[in-house]
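These notes are about the structure you will find just below.
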Amino acid sequence: MVVETHGRASLQKIKNKKQQNDMKKHLTILTATLLLASCGGKQEEVTTDELPQVRVETLKKELVDQTRDFTGTVQSFKQNDITPSMPVRIDNILVDVGDNVKKGQVLVEMDVVNRQQLQLQLANLERELERVTELHKSGGISQQQVDQLTVQVNVQRTAMQNMIANTTLRAPFDGVVTGRYYHPGEMFSMSPTASGRAAILTVMTLAPLKVTIHVNEEYFSRVKRGVSVDVTTDIYPGVSFKGAVHIVHPTIDPMTRTFGVEVQIPNSDLRLRPGMFARVNVNFGTMDRVVAPDLAIVRQTGTNDRYVFVYENGIVYKVKVQVGRQVGNQVEILDGLNEGDQVVVAGMARLLDQSKVRVVE
C-alpha cells in the first residue's frame, strides 16, 4: 500500500475528500443494515477498543536562537606573489619556504645588468642637463631646450626607480614564505611554472586569517560587520575559535540566492592555517517559532523528508514538515505546523494517513 505524505496546504482537501468518502460509506452501511434487518440478520457492534491508541501533545511557540552553520576554507588575510614586472634573470633568493619575513625585507635579488645600463644613461642625461643649463644662463640656448631635456631626465629617473624596485624585491608586509617556485640563476619568464604560479615566492600572513562563507539571502538584513561568530575545524575537535564578520558583500548571487561574508579570525596562537576546512556558526538572533517534541518527528524511509501525524477529531493526518534546530528535546518547525496543532508523540508505528485513533493519556 502506498502512503502519500501531505503538506499543510493540502490538509483541508484531504478532510473534504474524507467527508465525501464517509458519506458514501454511511449510505452503503445503511443500505446493508436495512438488507440485514429485512433478512433477520444481526449487526456486530464496533467498539473504540479496536482502534490504535496514541498519545498527543499540543504545540506551542518558543523563542529559538537562529544559529546556522556554514562551511568554508581558511584563507590568509593577506597574500602576495613576489614577482618583477618584466622577464629578468634571478641572481639570488634570500629566503625559503617557512621563513618569517618583515615588511621591507629584501627577499630576491634580480640581475642588475639592465639596471646598470639604465643608471649610466641617467647619469649622462643629468650631466647633459647641467651643461645646457649653463649655456642657457649665457644665452647660448633657449629655455625650451632646457625644459625638453629636464623632462627626459625626470622620465629616466622614474624608470630607474622602477628598475630598482624590480631588481630588489622586498616583503610587502610581515608574514611567512609559503611558496618558492624558482632557483637562483633561472630566468623569470612571467609565465606559470609547473606549480601553476607566475611568481618567484608567495608570502602570506598567518594572523589574522579569514573564512569566506555564502549566506542565504533571507539573512541579508541581519548580518552586520562586527557580529561575533564561532569557527570550528575537524583537526581540533571540540575547540571553538572566536571570529567576527569583517566584510559583507553588497550583492546577492542570482543563481544561488546567497551573498558572500568574510569572517576574520585573530589566530594569535597560530593554530589555524590557510587551507583548513572550517565551519562557521553565525547567530542571527532569536525568533518566535513553533516547536515540536522530537518524538513526533518521523523520517521518511529512503529520503530526507520529515513528517508528523496531526490529530484532529479522532483522525490523524500525515503532514510533511520542514525542521530547523534541535532545542533540547524539541525541534524547531520552519514550515508545516501551526501553534495549537496536536501531534502524535507515541503509538504511531501502526498509523497510516487518515487512520482513526483513540487518544490515551
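The values are calculated or read from the model by the stated rules, or taken from the named source; none is laboratory data. Everything numeric here is computed off the predicted structure, so don't read it as measured data. Positions of Cβ are backbone-derived with ideal geometry, glycine not excepted, and every protein chain shown enters the neighbour counts.
For this structure, a couple of remarks:
- Entirely in the stretch 280-345, the strands (runs of 3 or more DSSP E) that have 2 or more residues that are more than 28 Å from GLN53 (Cβ to Cβ): 315-327, 330-335
- Look at the stretch 281-308: where a residue is in contact (Cβ under 8 Å) with a residue 24 or more places away in the chain and a partner is in a loop (DSSP other than H, G, I, E, B) and aliphatic (A, V, I, L, M), sitting 6+ places away or on another chain with Cβ atoms under 6 Å, you get VAL290/LEU59; VAL290/LEU337; ALA292/LEU59.
- Residue count for the stretch 192-239, restricted to those that are without any contact (Cβ under 8 Å) to a residue 12 or more places away in the chain and of a type in the set (Ser, Thr, Tyr): 1.
- Per-region count, the stretch 264-279, residues in contact (Cβ under 8 Å) with a residue 60 or more places away in the chain and either acidic (Asp, Glu) or not in a loop (DSSP other than H, G, I, E, B) (or both): 5
- Residue, surrounded by the most Cβ atoms within 10 Å (Cβ to Cβ), within the stretch 146-191, restricted to residues that are of a type in the set (Phe, Trp, Tyr), part of a loop (DSSP other than H, G, I, E, B) and touching a residue at least 24 places away in the same chain (Cβ under 8 Å): TYR182
- Residues (under 60 Å from the mean Cα position of the chain (by Cα) and either polar (S, T, N, Q) or not assigned by TED's automatic domain parsing to the domain that holds MET160 (or both)) located in the stretch 139-149: GLN148
- So LEU122, is it in a helix (DSSP H, G or I) and not assigned by TED's automatic domain parsing to the domain that holds VAL310: yes
- Failed item in (1) surrounded by 16 or more Cβ atoms within 10 Å (Cβ to Cβ); (2) within 13 Å of GLN75 (Cα to Cα); (3) not aromatic (Phe, Trp, Tyr), with PRO266 passing the rest: (1)
- Residue within the stretch 205-225 that is of a type in the set (Ser, Thr, Tyr), modelled with pLDDT under 95, under 26 Å from VAL101 (Cβ atoms) and assigned to a helix (DSSP H, G or I) present: no
Listed here are the residues, each with its yes/no results for (1) of a type in the set (D, E, K, R); (2) assigned by TED's automatic domain parsing to the domain that holds ALA198; (3) over 23 Å from THR158 (Cβ atoms).
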{"residue": "ARG89", "(1), (2), (3)": "yes, yes, yes"}
{"residue": "MET110", "(1), (2), (3)": "no, yes, no"}
{"residue": "VAL113", "(1), (2), (3)": "no, yes, no"}
{"residue": "GLN117", "(1), (2), (3)": "no, yes, no"}
{"residue": "GLU126", "(1), (2), (3)": "yes, yes, no"}
{"residue": "LEU129", "(1), (2), (3)": "no, yes, no"}
{"residue": "LYS137", "(1), (2), (3)": "yes, yes, yes"}
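- The residues listed here are ARG115, ARG127; of these, the one that is without any contact (Cβ under 8 Å) to a residue 12 or more places away in the chain and either charged (D, E, K, R) or on the phi > 0 side of the Ramachandran plot (or both) is ARG127.
- Residue within the stretch 281-302 that is of a type outside the set (Asp, Glu), assigned by TED's automatic domain parsing to the domain that holds ASN216 and under 30 Å from GLY179 (Cα atoms) present: no
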